[in-house]
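The values are calculated or read from the model by the stated rules, or taken from the named source; none is laboratory data. It should be emphasised that the depicted structure is a prediction, and the values quoted were computed from it without experimental measurement. For neighbour counting, all protein chains shown are included, and Cβ atoms are generated from backbone atoms with ideal geometry for every residue, glycine included. Calculation scope for accessible area: heavy atoms of the full protein, side chains included, ligands and nucleic acids excluded. Shrake-Rupley method; radii C 1.70, N 1.55, O 1.52, S 1.80 Å.
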Amino acid sequence: MDRLDHRVFDQLRPVRMQRRFTKTAAGSVLVSAGETMVLCTASVVEKVPPWMEADGRGWVTAEYRMLPGSTAPRAARADRPDGRATEIQRLIGRSLRSVVHLDQLGPRTIYLDCDVLQADGGTRTLSITGAYVALYDALRSIRDILPDPSRLPLNDSVAAVSVGLVEGQPMLDLCYQEDFAAQVDMNLVMTGSGRFIEIQGTGEEATFSEEQLVHFLALGKKGIRELTAHQNEALNERAFA
């Protein structure tokens, strides 16, 4: 079938990453995939949550919001996250924590703020992909005060992408209209070295077979490899082994 933006079924939307988009955060990137656009910032705070104070370890957490002008009709501005935003920011936080050596971070917290400027599907996956770039720059900015300044406290990179079944066709990186029409919707979070962090898959009034699941995973892995290459190009760093 012909996709709305004329991509082939296994093609990502055009990805753009503009690092250091803001000057005040330790790390920031404006990341876009097609018409979806997210500002990801990473801020370093020299304290940890009270329940971690005795551990000597650091913490990484996230907040996610859809800004009022990101959708039509206008999304309401909320001081507190709704159920969907809470779910997504928890996903972002645990995805990034999975590749950070918290014991090597020192007693400090890195806050990852993901603000959706324009939404056309895939906001949670793009937030994770961009948050890694912001996190990397934030860690690089405090390298001299880390317990081991010789290396960043990371064991891998992280990226995420959506896959789905639309009119019987498996597809990679769904835009909003494709996501809305999908019989199966799945989000994959993976490391740059190819290990799974999280798989969220749902049949929308439909079911899917084991064979289709294997196809979805293969599509997602292809997308993650390409997104990891975009991250490395933006950071001008080699991929983790």
Worksheet item: When you scan segment 84-106, how many residues do you find that are under 14 Å from the mean Cα position of the chain (by Cα) and either assigned to a helix (DSSP H, G or I) or of a type in the set (D, E, K, R) (or both)?
Response: 12
Item to complete: Please work out which residue is most open to solvent (accessible area, probe 1.4 Å), limiting yourself to segment 1-42 and to residues that are under 15 Å from TYR136 (Cβ atoms) and of a type in the set (Gly, Ala, Ser).
Response: ALA26
Fill in: Any chance ASP120 is at pLDDT 95 or above and assigned to a loop (DSSP other than H, G, I, E, B)
yes
Worksheet item: In this structure, is ALA85 at pLDDT below 95 and open to solvent by 30 Å² or more (accessible area, probe 1.4 Å)?
Response: no
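List the strands (runs of 3 or more DSSP E) that sit entirely inside segment 1-78 and contain at least 1 residues that are touching a Lys or Arg at 6+ places or on another chain (Cβ under 9 Å). Before the answer, list the steps.
Numbers: elements: 15-19, 27-33, 36-45, 59-66.
Counting at least 1 such residues, we get 27-33, 36-45, 59-66.
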Practice prompt. Specify the residue that is surrounded by the fewest Cβ atoms within 10 Å (Cβ to Cβ); the eligible residues are those in segment 88-111 that are out of contact with any helix residue (DSSP H, G or I) (no Cβ under 8 Å at 6 or more places or on another chain) and of a type in the set (Gly, Ala, Ser).
Written response: SER98
Response to the item:
So, first residue among the hydroxyl-bearing types (Ser, Thr, Tyr) in segment 195-206, second residue surrounded by 13 or more Cβ atoms within 10 Å (Cβ to Cβ), Cβ within less than 9 Å, six or more apart or across chains; the pairs are THR202/VAL184; THR202/ASP185; THR202/MET186
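So that you can scan it fast, the table gives a plain yes or no per residue for (1) modelled with pLDDT under 95; (2) in contact with a Gly (Cβ under 7 Å, 6 or more places away or on another chain); (3) closer than 26 Å to TYR136 by Cβ:
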residue	(1), (2), (3)
GLY194	no, no, yes
GLY201	yes, no, no
GLU205	yes, no, no
ARG225	no, no, yes
HIS230	no, no, yes
PHE240	yes, yes, yes
Discussion item. Six or more apart or on different chains, Cβ atoms under 6 Å: show the pairs whose first residue is in segment 31-44 and at pLDDT 95 or above and whose second is surrounded by fewer than 20 Cβ atoms within 10 Å (Cβ to Cβ) and of a type in the set (Phe, Trp, Tyr).
Written reply: SER43/TYR111
